């Protein structure tokens, strides 16, 4: 009876690991193809540089990168890191499940 319980738990862990890997990979695919957006964790400001103006004129600032684009890139990188962590954890869970599923065979050799 103990062996069946170990195998059942092993199959459940293997399924949980495989499902987490598949869901994380699908989520990453959707984010990087533009089907969905990553969660907005950071809101960055635009990068601007001041341009010199003539005498008596106010200085002008030029926008180098818009804040929305910087935020999108940073949030995508953070989403990628999180999904890699989930995929790695799913692999470890599945690996533990496989170890529980495998039969352990012990051979005893006698030395005379």
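Of all residues in the range 45-77, those being in a helix (DSSP H, G or I) and either modelled with pLDDT of 95 or more or touching a helix residue (DSSP H, G or I) at 6+ places or on another chain (Cβ under 8 Å) (or both) number 1. Of the residues making up the range 85-111, those that are in a helix (DSSP H, G or I) and free of Cβ contacts under 8 Å to residues at least 24 places away in the same chain are 85, 88. Number of residues in the range 25-63 that are in contact with a strand residue (DSSP E or B) (Cβ under 8 Å, 6 or more places away or on another chain) and surrounded by 10 or more Cβ atoms within 10 Å (Cβ to Cβ): the value is 7.
The values are calculated or read from the model by the stated rules, or taken from the named source; none is laboratory data. These figures come from a predicted structure and were not determined experimentally. As a convention, Cβ positions derive from the backbone with ideal geometry for all residues, glycine included, and neighbour counts pool all protein chains shown.
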